[in-house]
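Contents: one structure, followed by commentary.
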Amino acid sequence: MIDPGRLNRRLTLLAPVETDDGQGGVVRSLVAQAVLWASVVPLAAREGVAADTDRAALRAKITLRAGVALSRAHRLADGDSVYRIIAWRSRERGALLEIDAETEQT
(Lines give C-alpha, C1' and ligand atoms only; values in the text may rest on other atoms or scores of the structure.)
Protein backbone atom coordinates (compact mmCIF):
# COMPACT_ATOMS: atom_id res chain seq x y z
CA MET A 1 0.00 0.00 0.00
CA ILE A 2 1.33 3.43 -0.93
CA ASP A 3 1.32 6.17 1.70
CA PRO A 4 -0.70 8.91 -0.09
CA GLY A 5 0.79 11.63 2.12
CA ARG A 6 4.22 10.94 0.67
CA LEU A 7 3.19 12.28 -2.75
CA ASN A 8 2.62 15.89 -1.72
CA ARG A 9 3.55 18.00 -4.80
CA ARG A 10 1.66 18.52 -8.04
CA LEU A 11 3.93 18.35 -11.07
CA THR A 12 2.98 18.90 -14.68
CA LEU A 13 4.23 16.31 -17.14
CA LEU A 14 5.41 18.10 -20.30
CA ALA A 15 5.47 16.08 -23.53
CA PRO A 16 7.70 16.94 -26.50
CA VAL A 17 5.96 18.05 -29.70
CA GLU A 18 7.53 18.75 -33.08
CA THR A 19 5.82 20.99 -35.64
CA ASP A 20 6.87 21.90 -39.17
CA ASP A 21 8.63 25.26 -39.34
CA GLY A 22 7.75 25.79 -43.03
CA GLN A 23 11.40 25.72 -44.12
CA GLY A 24 12.11 21.99 -44.02
CA GLY A 25 12.88 21.79 -40.32
CA VAL A 26 10.96 21.40 -37.11
CA VAL A 27 10.22 23.48 -34.07
CA ARG A 28 10.41 21.54 -30.81
CA SER A 29 8.23 22.59 -27.90
CA LEU A 30 6.75 21.11 -24.74
CA VAL A 31 3.02 20.77 -24.05
CA ALA A 32 1.30 19.93 -20.77
CA GLN A 33 0.23 16.29 -20.90
CA ALA A 34 -0.90 15.51 -17.33
CA VAL A 35 -0.80 16.72 -13.74
CA LEU A 36 0.72 14.17 -11.36
CA TRP A 37 1.13 13.89 -7.61
CA ALA A 38 4.78 13.39 -6.69
CA SER A 39 7.42 13.60 -4.00
CA VAL A 40 10.45 15.78 -4.77
CA VAL A 41 13.61 15.30 -2.70
CA PRO A 42 16.50 17.69 -3.46
CA LEU A 43 19.94 16.12 -3.81
CA ALA A 44 23.37 17.57 -4.57
CA ALA A 45 23.95 20.67 -6.68
CA ARG A 46 26.85 21.55 -8.94
CA GLU A 47 28.09 24.85 -10.26
CA GLY A 48 28.73 25.68 -13.90
CA VAL A 49 28.83 28.35 -16.57
CA ALA A 50 26.72 28.34 -19.76
CA ALA A 51 26.59 31.19 -22.27
CA ASP A 52 28.63 33.41 -19.90
CA THR A 53 26.05 33.00 -17.14
CA ASP A 54 26.70 31.37 -13.78
CA ARG A 55 24.29 28.50 -13.23
CA ALA A 56 23.68 25.84 -10.64
CA ALA A 57 22.43 22.41 -11.69
CA LEU A 58 20.21 21.06 -8.93
CA ARG A 59 19.60 17.30 -8.81
CA ALA A 60 16.44 15.80 -7.37
CA LYS A 61 14.81 12.43 -6.81
CA ILE A 62 11.17 12.52 -7.92
CA THR A 63 8.79 9.73 -6.96
CA LEU A 64 5.36 9.24 -8.53
CA ARG A 65 2.86 6.46 -9.06
CA ALA A 66 3.73 3.97 -11.78
CA GLY A 67 1.76 3.78 -15.01
CA VAL A 68 3.17 6.94 -16.58
CA ALA A 69 4.77 6.48 -20.00
CA LEU A 70 8.03 8.48 -19.97
CA SER A 71 10.92 9.18 -22.27
CA ARG A 72 14.04 11.23 -21.62
CA ALA A 73 12.51 13.94 -23.83
CA HIS A 74 9.69 14.53 -21.31
CA ARG A 75 10.03 17.19 -18.61
CA LEU A 76 8.37 17.69 -15.22
CA ALA A 77 7.39 21.24 -14.24
CA ASP A 78 6.97 22.52 -10.69
CA GLY A 79 6.05 26.18 -10.98
CA ASP A 80 9.06 27.93 -12.54
CA SER A 81 11.32 24.89 -12.13
CA VAL A 82 11.47 22.48 -15.06
CA TYR A 83 13.12 19.14 -14.34
CA ARG A 84 15.01 17.27 -17.06
CA ILE A 85 14.65 13.50 -16.70
CA ILE A 86 17.98 11.70 -16.48
CA ALA A 87 16.86 8.15 -15.59
CA TRP A 88 14.02 6.26 -13.88
CA ARG A 89 13.43 2.92 -12.20
CA SER A 90 10.56 0.96 -10.71
CA ARG A 91 10.20 0.80 -6.91
CA GLU A 92 7.98 -0.98 -4.38
CA ARG A 93 7.11 -3.94 -6.62
CA GLY A 94 6.21 -1.74 -9.55
CA ALA A 95 3.82 0.57 -7.66
CA LEU A 96 6.10 3.63 -7.82
CA LEU A 97 8.39 5.23 -10.36
CA GLU A 98 11.58 6.87 -9.03
CA ILE A 99 13.10 9.48 -11.34
CA ASP A 100 16.55 11.06 -11.28
CA ALA A 101 16.10 14.62 -12.53
CA GLU A 102 18.00 17.90 -12.85
CA THR A 103 16.96 21.54 -13.03
CA GLU A 104 19.04 24.68 -13.55
CA GLN A 105 19.00 27.93 -11.63
CA THR A 106 20.71 31.12 -12.75
Calculated from the structure, Rg/Rh (Cα atoms, Kirkwood Rh) equals which of (1) 1.03; (2) 1.08; (3) 0.95?
(1)
Around R93 (Cβ within 15 Å, Cβ-to-Cβ, excluding R93; K/R +1, D/E -1) the net charge comes to 0
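Quick check for you: with a 1.4 Å probe and neighbouring chains kept, what is the accessible area per residue of the chain, in Å²?
66 Å²
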So, taking all protein chains as they sit and a 1.4 Å probe, how much accessible area belongs to E18, in Å² rounded to tens?
110 Å²
What's the carbon and sulfur percent of the chain's accessible surface, probe 1.4 angstrom, rounded to a whole number?
48 percent
Enumerate by residue number the trypsin sites (Lys or Arg not before Pro) in segment 4-106 meeting two conditions: DSSP loop (anything except H, G, I, E, B), and at most 10 other Cβ atoms within 10 Å of the site's Cβ.
R93
Taking springs between alpha-carbon atoms closer than 10 angstrom, which of S39, S90, S29 fluctuates most in the Gaussian network model of the chain?
S29
Let me have the relative contact order for the chain, percent, based on Cα pairs under 8 Å that are six or more residues apart.
25 percent
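The values are calculated or read from the model by the stated rules, or taken from the named source; none is laboratory data. A quick note: this is a predicted structure, and the numbers were derived from the prediction, not measured. No Cβ is skipped: glycine too gets one built from the backbone with ideal geometry, and neighbour counts run over all protein chains shown. All accessible areas refer to the heavy atoms of the entire protein, side chains included, with ligands and DNA or RNA removed. Shrake-Rupley method; radii C 1.70, N 1.55, O 1.52, S 1.80 Å.
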